[in-house]
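Read the structure below first, then the notes.
The values are calculated or read from the model by the stated rules, or taken from the named source; none is laboratory data. Quick caveat, the model's predicted, so the values are computed rather than measured. No Cβ is skipped: glycine too gets one built from the backbone with ideal geometry, and neighbour counts run over all protein chains shown.
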Amino acid sequence: MDSLKQTAWAALERNDVGAAHDACARALNLNPNDIEVLGILGFILHSIGKFADAESVFLKMTNIDPDQGSFWVNLGTSRRCMGKLDEALAAFTRAAALGENSADFYFNVGLTHIDRKDFESGRAVLSQAAALAPEDAEIRYQYALCCYERIRTEEALAALDGWESLADTTDELVANIGLLLMKLGEATRAEPAIRRALAANPSDPLTLLTLVQLLERTNRLSEAERQMSQLQSNPRSHSLGSDLLLMQAQLAQRNSRHDLAVVLFGKLLADCKEDQLRHLLQFPLAKSLDALGRYEEAFQTLIDAHASQAQLLKLTAPMATVRGAPTMTVTRFGVDPDDVFRWTDHETSTIEQSPVFIVAFPRSGTTLLELTLDAHPRLASMDEQPFVQNALDEMITAGAQYPEGLAKLSQADLNGIRARYWQRTNRKVTLAPGQRLLDKNPLNMLRLPAIRRLFPNSPILVAVRHPCDVILSCFMQHFRTPDFALLCQDLPTLATGYRHCFDFWYQQHALLKPMTLELRYESFVADFENQVRAVLEFLQLPWSEAMLKPQKHAQKKGFISTPSYSQVIEPVNEKAVGRWRHYAEHFAGIIPILQPLLSRWGYEGAESSNSK
């Protein structure tokens with residue numbers, strides 16, 4: 001018996017799985033309940049992908065000795081690999097009760113939560129694994145992935161800091177880290193990682209695909225197409241399965257080959273068996289259907305997409321789905337005029353020393369405006385960041401009632417909050433002498449009291465676009481943030497949220513009297529140069545010819561974090577004006593909600609459009 005065990009171990013050490021398996025089988029014929037041999041056999045079966053057989057072996061081990069935690073860990077791991085996720089968690093729970101608390105244990109539990117799309121639970125467990133094994137690159141990556149999925153960008157980036165010095169980074173892991181860094185907006189760190197993985201293994205199809213994804217996301221379409229051709233000729237490309245077909249569909253769409261894109265997205269949907277993931281294909285499919293003039297098909301596809309995303313959110317953000325669509329509670333509370341009268345602040349920053357804020361409802365043309373201004377040598381922008389919200393949170397921590405009790409903030413409070421705002425922005429963009437910061441985050445329009453209290457001399461640009469075009473664009477977009485995704489789930493909910501935002505904005509604007517310039521998207525794209533000159537006059541900046549070609553600046557910038565990244569590399573045009581008219585019958589029910597704003601801005605509604 002002992003000789004058979006030694007034979008099995010020796011075979012495993014020289015990676016002779018067949019011989020090890022045979023030795024285990026012979027040993028178990030002599031003693032079917034030998035724990036050591038069962039453990040070797042379970043490991044072998046798991047390593048060659050026979051997870052159901054491994055599960056049977058590990059389950060037998062737990063029956064023989066139910067108080068051994070490691071047996072339950074192995075049982076849970078085999079069940080995870082079979083897709084029996086709830087049963088896997090039950091096994092892991094038993095292991096935890098028996099005292100299992102190693103990094104490997106938490107890692108496997110975390111992977112199970114990731115497979116369940118419960119990224120918050122995965123993040124919590126993997127944070128424990130990372131604390132126990134901070135040099136483990138795979139654990140750090142999976143933890144960062146969960147942070148990304150939960151929109152915890154700073155935590156994700158912190159987890160990936162210094163990954164280059166970690167041991168045991170396989171080529172596949174390096175490529176995955178590069179792709180995640182790109183999604184986190186760190187394209188300059190992402191590309192070297194992917195190139196490094198490719199240099200180590202030039203023909204690896206997964207790494208080649210990752211490079212194509214990066215090139216597409218950074219608007220280098222010609223190079224992406226060349227790399228895709230090389231990838232398709234790779235004899236191992238079939239191993240990529242649907243991921244390769246998805247990339248082909250995305251490139252077809254980017255190159256306006258919408259007929260082909262529709263066919264490819266359709267094939268992918270036919271093979272997609274998980275209803276909660278279908279929206280990842282349905283949103284881009286609707287975009288190509290819209291481009292082909294197949295508007296009713298596009299609209300129905302969008303309805304299906306939102307239904308699919310709602311199913312996913314039940315798994316990934318259960319508390320958000322329980323709350324339902326945001327009720328925009330923040331818009332029900334405003335500043336107290338008496339409190340505003342008591343605001344004191346010895347801040348002496350001039351207009352030139354203050355941030356320039358760009359606010360709006362999302363999908364109102366703010367990315368085009370930002371890139372146009374960012375091309376000016378005396379302005380510098382950063383990706384959309386939550387820094388005003390961070391400052392607002394600090395106001396509350398300092399004891400202020402927001403927004404009606406901001407007079408309570410002392411000079412020390414204000415100075416400290418401002419200083420930390422600048423510390424955060426400095427990590428994202430380095431301002432040259434004489435440069436001014438552009439802080440573009442559309443829904444900062446709901447944080448006007450915070451902006452006005454901290455930066456009383458800041459100019460604010462307000463982007464306005466036909467409400468129906470904005471709402472259509474939001475409805476067609478896949479938003480990752482759970483609350484905003486729920487707000488966009490149908491047109492009435494969107495229209496109500498839109499109305500609340502601007503009602504709040506105009507009410508607070510009348511009380512706080514910030515220095516603002518309202519820019520109409522339709523006028524901006526139709527009379528571009530004159531509109532740009534008006535903005536520069538408002539900002540008290542000299543003319544810069546570079547601002548007339550924001551598409552060139554977008555190409556030079558590379559990574560653009562917003563969903564508009566694929567549109568802003570085109571010359572300024574009016575293609576997006578009036579798109580909602582193709583869906584006018586679907587907007588009839590929400591026009592009464594929007595009518596006060598349509599009238600305020602002089603936009604036509606559905607009735608006048610249909611009468612033409």
Taking the stretch 310-345 as the search range and keeping residues that are at pLDDT 90 or above and among the small types (Gly, Ala, Ser), which one is surrounded by the fewest Cβ atoms within 10 Å (Cβ to Cβ)? Ala310
Residues of the stretch 247-261 that turn out to be more than 22 Å from the chain's Cα centre (by Cα) and surrounded by 22 or more Cβ atoms within 10 Å (Cβ to Cβ), as a count: 1
In the stretch 95-106, which residues are crowded, with 19+ Cβ neighbours inside 10 Å and not hydrophobic (A, V, I, L, M, F, W, C)? Glu100, Tyr106
When residues of the stretch 368-402 are limited to those that are of a type in the set (S, T, N, Q) and not in a helix (DSSP H, G or I), the one nearest to the chain's Cα centre (by Cα): Gln385
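Hey, does the stretch 389-396 have a residue that's in contact with a Leu (Cβ under 8 Å, 6 or more places away or on another chain), in the same structural domain as Ala463 (by TED's automatic domain parsing) and under 20 Å from Ala419 (Cα atoms)?
yes
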Checklist (1) more than 13 Å from Thr372 (Cα to Cα); (2) modelled with pLDDT of 95 or more applied to Ser566, failing item: (2)
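Can you spot a residue in the stretch 321-336 that is among the polar types (S, T, N, Q), closer than 22 Å to Cys501 by Cα and in a loop (DSSP other than H, G, I, E, B)?
Yes, the conditions are met somewhere in the stretch 321-336.
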Taking helices (runs of 4 or more DSSP H) that fall entirely within the stretch 1-115, which contain at least 1 residues that are under 27 Å from Ala133 (Cα atoms) and among the hydrophobic types (A, V, I, L, M, F, W, C)? 2-13, 35-47, 51-64, 69-82, 85-97, 103-115
Can you tell me which condition Ala360 does not meet? The list is (1) closer than 20 Å to Val464 by Cα; (2) out of contact with any Lys or Arg (no Cβ under 9 Å at 6 or more places or on another chain); (3) not aromatic (Phe, Trp, Tyr), and all the others hold. (2)
State which residue pairs qualify: first residue assigned by TED's automatic domain parsing to the domain that holds Ala54 and inside the stretch 74-99, second residue polar (S, T, N, Q) in any location, beta carbons under 6 Å apart, and separation of 6 or more residues or different chains. Leu75/Thr62; Thr77/Asn108; Arg80/Thr112; Leu85/Thr112; Ala88/Thr112; Leu89/Thr112
Restricting the stretch 448-468 to residues that are within 26 Å of the chain's Cα centre (by Cα), assigned to a strand (DSSP E or B) and not β-branched (Val, Ile, Thr), the residue that is nearest to Val340 (Cα to Cα): Leu461
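One residue is enough: does the stretch 516-536 have a residue meeting the conditions without any contact (Cβ under 8 Å) to a residue 24 or more places away in the chain, acidic (Asp, Glu) and not assigned by TED's automatic domain parsing to the domain that holds Arg278?
yes
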State whether one or more residues within the stretch 346-355 are at pLDDT 95 or above and either under 30 Å from Pro571 (Cα atoms) or not aromatic (Phe, Trp, Tyr) (or both). yes
Residue count, the stretch 480-498 (criterion: of a type outside the set (A, V, I, L, M), crowded, with 21+ Cβ neighbours inside 10 Å and assigned to a helix (DSSP H, G or I)): 3
